[in-house]
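The values are calculated or read from the model by the stated rules, or taken from the named source; none is laboratory data. Remember, it's a predicted structure, so these values are computed and weren't measured experimentally. With ideal geometry, Cβ positions are generated from the backbone for all residues, glycine too; neighbour counts draw on all protein chains shown.
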Amino acid sequence: MTNQQISVFGWLILLLIFCSVTAHGQVGASLTCGHFTQDVLSAPEPRENRWPVERFDLIKRWVKTERYRVLFLGDSLTERFNARVWHDHMAPRGVFNAGISGDRTDHLLWRLKHGNLDGPPPAGVVVLIGTNDLGHGRAPEIAAEGIRANLLYLRQRLPRARILLLGLLPRDDMPRLRRETVAVNRLIEKCGDGRTIVYADIGGVLLDPAGKLTPEVSPDRLHFSALGYSRLAPRLDALIDDLVDGH
């Protein structure tokens, strides 16, 4: 084989590698956790109801104009974070509330791909998503795989941002769902590497000594009162401070 043939062959090999990696959407990104299922996930799709659409549009505009250091991505547990507790704990840390009630993992991924990351890159990202996947009847492995897909995309789009991956918070509205949140957390904790992705399960602070959610903390056994968020806030404070330390 001539030198020219070797050179051409080498370029072909590089091109094939590049095309293969690009096709799988994994350029410059990797996770410590492998796939949790071989089932095909639902394609990322937008919401159609009025409020989720309006909220998505607001976030899309705000990320380009508001000043923030940390994006807090999630569903109603994020969007409906108690305003007073947020003002006292999250706002001083430059955290931007990018939650939309009712979102599942595929909805969040669609948002990330269609404008909710179009502002200045944050120093850190908090991810709390997946409980609505379980409520929608998806298996824990599917919910965990949806979370993994969001993490992978965030690593691609925001390679310099550190990610705080929160375990699903406890819920007592249905016994099945309480068990399944634990199952999801056992899977997604494998995605934390302690550096680019920090995993934290902080839901225990919401439970009474018997391991239950009281009405004072969670009136509907799913969403949280001001008392519930006031219990979560100190843990979040420390985690977020560590997340953005040095940025």
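The table for this structure:
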quantity	calculated
Checklist (1) surrounded by 15 or more Cβ atoms within 10 Å (Cβ to Cβ); (2) touching an Asp or Glu at 6+ places or on another chain (Cβ under 8 Å); (3) part of a loop (DSSP other than H, G, I, E, B) applied to HIS223, failing item	(2)
Hits in the range 156-177 (condition: charged (D, E, K, R), touching a Leu at 6+ places or on another chain (Cβ under 7 Å) and part of a helix (DSSP H, G or I))	ARG157
Test: residue in the range 153-171 that is within 27 Å of CYS33 (Cα to Cα), polar (S, T, N, Q), surrounded by 23 or more Cβ atoms within 10 Å (Cβ to Cβ) and modelled with pLDDT of 95 or more	no
Given (1) part of a helix (DSSP H, G or I); (2) in contact (Cβ under 8 Å) with a residue 60 or more places away in the chain; (3) not β-branched (Val, Ile, Thr), number of the condition ASN132 does not satisfy	(2)
Residue count, the range 34-72 (criterion: in contact with a helix residue (DSSP H, G or I) (Cβ under 8 Å, 6 or more places away or on another chain), in a loop (DSSP other than H, G, I, E, B) and among the charged types (D, E, K, R))	4
Of residues in the range 18-33 being surrounded by 12 or more Cβ atoms within 10 Å (Cβ to Cβ), modelled with pLDDT under 85 and part of a loop (DSSP other than H, G, I, E, B), the one nearest to the chain's Cα centre (by Cα)	ALA29
Residue list for the range 73-90, filter: more than 19 Å from the chain's Cα centre (by Cα) and assigned to a helix (DSSP H, G or I)	ALA83, ARG84, VAL85, HIS87, ASP88, HIS89
